[in-house]
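The values are calculated or read from the model by the stated rules, or taken from the named source; none is laboratory data. Since this is a predicted model, take the numbers as computed values, not measurements. No Cβ is skipped: glycine too gets one built from the backbone with ideal geometry, and neighbour counts run over all protein chains shown. We work out accessible area using only protein heavy atoms, side chains counted, and drop any ligands, DNA or RNA first. Shrake-Rupley method; radii C 1.70, N 1.55, O 1.52, S 1.80 Å.
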Amino acid sequence: MLDIKLIRDGLPALRDAMGRRGKLETLAPLLDEAEALERDRRAVIQTTEAQKAERNAASQQVARLKKAGEDASDAMATSRALGDAITAGDARLAEIEGRLQAILLELPNVTLPDVPAGDETQNRVLRSWGTPREAVDVAPHWEVAERMGILDLARGAKISGSGFIVYRGAGARLVRTLMQWMLDLHTSQHGYEEVWVPVVVNRATMTGTGQLPKFEDDMYALSGDDGFLIPTAEVPVTNLYRDEILDAAQLPMGLCAYSPCFRREAGSAGKDTRGLLRVHQFDKVELVRYATPETSLDEHERLTGHAERVLQLLELPYRVLLLAAGDTGFSSARTYDLEVFAPGVGKWLEVSSSSVFTDFQARRANIRYRPAAGEKPRFVHTLNASGLAFPRIIAAVLEHHQQPDGSVRVPEALRAALGTDVLR
């Protein structure tokens, strides 16, 4: 959530920020309403403060008249009328502030100055690693996997519906291996604390990280419980410290978690429907960091490097994109996408989004830290990245490491845990 000061004192800058995202036309009515509400808020406060001063004066007059034994009925009536007006003003003020808070929940974060304006066509490739394999004589991953018997798309669709996957044999073992290997890497080499979190969260938790209220249609809701299946472990992990004040000595803090993830993908019908490219349930290891405002940008680079290390160890060529404002997620102030090239489908596949949210999520979830004893608490800055999501990683491994005989070379980092150096 944005600081309400942006509505009170920085609307021109806020309009410019929404324009950079390509959202100004859509959000203009909300911004206009917020501007009008803020004028009303200031007028109500001014009127109410004046009425309170008048009531105090009337109360003093009542006291003087009674002390002098004189008739105080008129002064008392004036005081009561002012009290009624003040009560009405306070109610109106609460109504205005409630609506302003509701508007703030609908507005995306302000992107950082280095984020390009515009849509996805303005995304910038910052760097790359490795050499993508030519898309020649490489079968798509779903053909290879089904021929090996490690992926059962038909039965996944039968038992759950389109977009749900069954892994079998070595495929199931590969999923389990990726989970343990990634968690061990991030905890032993990158300094993260591992946590195991629920996959069902409440509405306040989903609101804290920005999924609600705007993206409720993309979520799997539990009827009657006001609960939701998580779209990513970012949601419960970031909310672990909701409504708490951390000590500055705890920052920066890094947490990692494995979880299944559930997304309805509303509005994405017909996009990347083959194989593992777009599914409704998938597995992922998530990285979450808390930082101070002064260190969050450095932490973003560190976090991104941790996700990149996974790709390097899996021997998968990748590139790092700085997303333009119009392609940056609702809550993010800056996002780097990590993409691997899948030669079997001839596409770059996003396998991680590494984002810094500044204090946007922390304001929604009320996560603060105290810089020093006796100092006023400040909002933390939150960050997260996939470290990594499994389906597209598996797709890239099956395609990039595919051999002429149709087998797949297992990256060296996984061989010991997987128990083989080749998938056949």
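Can you tally the net charge around Arg168? Count Lys and Arg as +1, Asp and Glu as -1, for every other residue whose Cβ sits under 13 Å from the Cβ of Arg168.
Details: positive: Arg147, Arg155, Arg173, Arg176; negative: Glu146, Asp152.
Charge balance in the 13 Å sphere: +2.
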>> Leaving out ligands and nucleic acids, and using a 1.4 Å probe, what accessible area per residue does segment 178-217 come to in Å²?
In response: 49
> How much length, in nm to one decimal, is gained on full extension between Gln403 and Ser59, taken as 0.36 nm per residue of separation minus their Cα-Cα distance?
Replying inline: 114.8 nm
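Taking GluC sites (Glu not before Pro) as candidate sites, keep only those in a DSSP loop with at most 13 other Cβ atoms within 10 Å, then name the longest stretch of the chain containing none of them.
Numbers: sites that count: Glu70, Glu134, Glu294, Glu375.
For GluC sites (Glu not before Pro) (loop position, at most 13 other Cβ atoms within 10 Å), the longest site-free span of the chain is 135-293.
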> From the backbone phi of segment 332-339, what are the Karplus-calculated ³J(HN,Hα) couplings (6.51 cos²θ - 1.76 cosθ + 1.60, θ = phi - 60°) in whole Hz, Gly and Pro given as x?
Replying inline: 7, 9, 7, 10, 9, 9, 9, 10
>> At 7 Å along Cα-to-Cβ for each site, give me the label-to-label distance between Ala77 and Gln122 in nm.
In response: 6.4
>> Skipping prolines and chain starts, which residues have an amide H placed within reach, meaning under 5 Å, of the one on Thr335, given they are 5 or more residues away or on another chain?
In response: Leu323
> Which far-off residues, 5 or more places away or on another chain, put their amide H under 5 Å from the one on Tyr220, with H placed in the peptide plane?
Replying inline: Leu229, Arg264
>> Please list 3J(HN,Hα) in residue order for segment 238-254, calculated via the Karplus relation 6.51 cos²θ - 1.76 cosθ + 1.60 where θ = phi - 60°; whole Hz, with x for glycine and proline.
In response: 4, 7, 4, 10, 4, 6, 10, 10, 8, 7, 4, 5, 7, 9, x, 10, x
> What are the residues whose amide H is under 5 Å from the amide H of Leu388, where those residues sit 5 or more places off or on another chain and H is modelled from the backbone?
Replying inline: Val285
> Between Val397, Val197, Val44, which gets the highest mean-square fluctuation from a Gaussian network model of the chain, Cα cutoff 10 Å?
Replying inline: Val44
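Expressed as a rounded percentage, what relative contact order does segment 59-199 have, with Cα pairs under 8 Å and six or more residues apart?
9
What's the extension gain from Ala248 to Glu97 if we count 0.36 nm per residue and subtract their Cα-Cα distance? The partial results should precede the final answer.
Values: separation 151, 0.36 × 151 = 54.36 nm, distance 3.11 nm.
Contour length minus the Cα-Cα distance gives 51.3 nm.
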> So how far apart, in nm, are the two label points at Asp184 and Asp40 if each is 7 Å from Cα heading toward Cβ?
Replying inline: 6.1
> Which of the lysines could be linked to Lys5 by a straight reach, that is with a Cα gap under 28 Å, when you skip same-chain ones fewer than 8 residues away?
Replying inline: Lys23, Lys52, Lys214, Lys376
> For segment 1-155, which whole-number percentage of the solvent-accessible area (1.4 Å probe, protein heavy atoms only) is attributable to carbon and sulfur atoms?
Replying inline: 51
>> Defining a contact as two alpha carbons under 8 Å apart and six or more residues distant in sequence, what relative contact order in percent does segment 205-331 show?
In response: 24
> If the cut-off is a Cα-Cα distance under 16 Å, which lysines reach Lys347, setting aside same-chain residues fewer than 8 apart in sequence?
Replying inline: Lys271
>> Using a 7 Å offset from the Cα along the Cα-to-Cβ direction at both Ser162 and Arg8, what is the distance between the two label points in nm, to one decimal?
In response: 5.0
> Given Met76, Thr48, Asn123, which one lies farthest toward the positive end of the charge dipole of segment 44-132, if we put +1 on the Cβ of every Lys and Arg and -1 on the Cβ of every Asp and Glu?
Replying inline: Met76
